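*Asks:* Shown below is the structure under consideration.
What follows is calculated from the coordinates using simple rules that are stated; it is not laboratory data. These figures come from a predicted structure and were not determined experimentally. Here Cβ is always computed from backbone atoms with ideal geometry, including for glycine, and neighbour counts include all displayed protein chains.
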Amino acid sequence: MMHTFGKNHLIKLAVVVLFAASLSAAEDTRRLPLVPYPQTVTLKKGDFVPAKNLVLKFAEGEARIKPIAETCAKDLAALGFSASDGKTAGGEKTGIIELSIRNDKLLGAEGYHLTIDSKISVSAATGDGLFWGTRTLLQLLEKGPGKAVPQLVITDKPSFSYRGLMVDNA
């Protein structure tokens, strides 16, 4: 009798383990293809479908943002978008990307916040952080105009103050 009781428990345990494994596998499919992977990614309900025409908005007096916006616009063009730091022709569907530098000491020199909901916003404490935020955004928009990306909030900063690469040819 004890032997059968043990088998039943083992079967129940196996079912629970398999169920838990399937849940964790389902969560892994929602992992975004980002390199390096951000420290914090919070997925929201729904998707954002970027229009072909994007307007990069930033404060007029912010000279640090202009070269970053220009670089981002060129890189978005390579993905099939039409991006500008001004207005688009009337009647065209446009998406908005807000770029801002704000005083946030928690982000450090290279950290950023990226939010995608009804629009896209990237903010950072420095120009370097803003640049890295646009690099993450480009990875998310890689499929091009009209291709849905999840609504999300990303907060990221380097874990270390240096960058490195190891090549092991052995």
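*Asks:* Sequence gap of 8 or more, or different chains, plus Cα separation below 28 Å: how many lysine pairs satisfy both in segment 48-127?
*Replies:* Taking the Cα cut-off of 28 Å, the pair count is 22.
*Asks:* Between Rg and the Kirkwood Rh of segment 75-169, both from Cα atoms, what is the Rg to Rh ratio?
*Replies:* Numbers: Rg = 15.3 Å, Rh = 14.8 Å.
Dividing the radius of gyration by the Kirkwood radius yields 1.03.
*Asks:* Rank by packing, highest mean first: peptides 157-170, 32-45, with packing defined as the count of other Cβ atoms within 10 Å averaged across residues. Show your work: numbers first, answer last.
*Replies:* Numbers: 157-170: 6.8, 32-45: 12.1.
Ranking the peptides 157-170, 32-45 by packing returns 32-45, 157-170.
*Asks:* Please state the charge dipole magnitude for segment 27-170, taken about the Cα centre, from unit charges on C-beta atoms (+1 on K and R, -1 on D and E), reported in debye and rounded to the nearest 20.
*Replies:* Numbers: 19 positive and 17 negative charges, 55 e Å.
My answer is approximately 260 debye.
*Asks:* Per 0.36 nm of contour for each residue apart, how much would the distance between Ala148 and Leu79 grow if the chain were fully extended, relative to their Cα-Cα spacing?
*Replies:* Details: separation 69, 0.36 × 69 = 24.84 nm, distance 1.41 nm.
Answer, rounded to one decimal: 23.4 nm.
*Asks:* Compute the distance in nm between two label points, each set 7 Å from the Cα along the Cα-to-Cβ direction, one at Glu62 and one at Val35.
*Replies:* My value for the distance between the label points is 3.0 nm.
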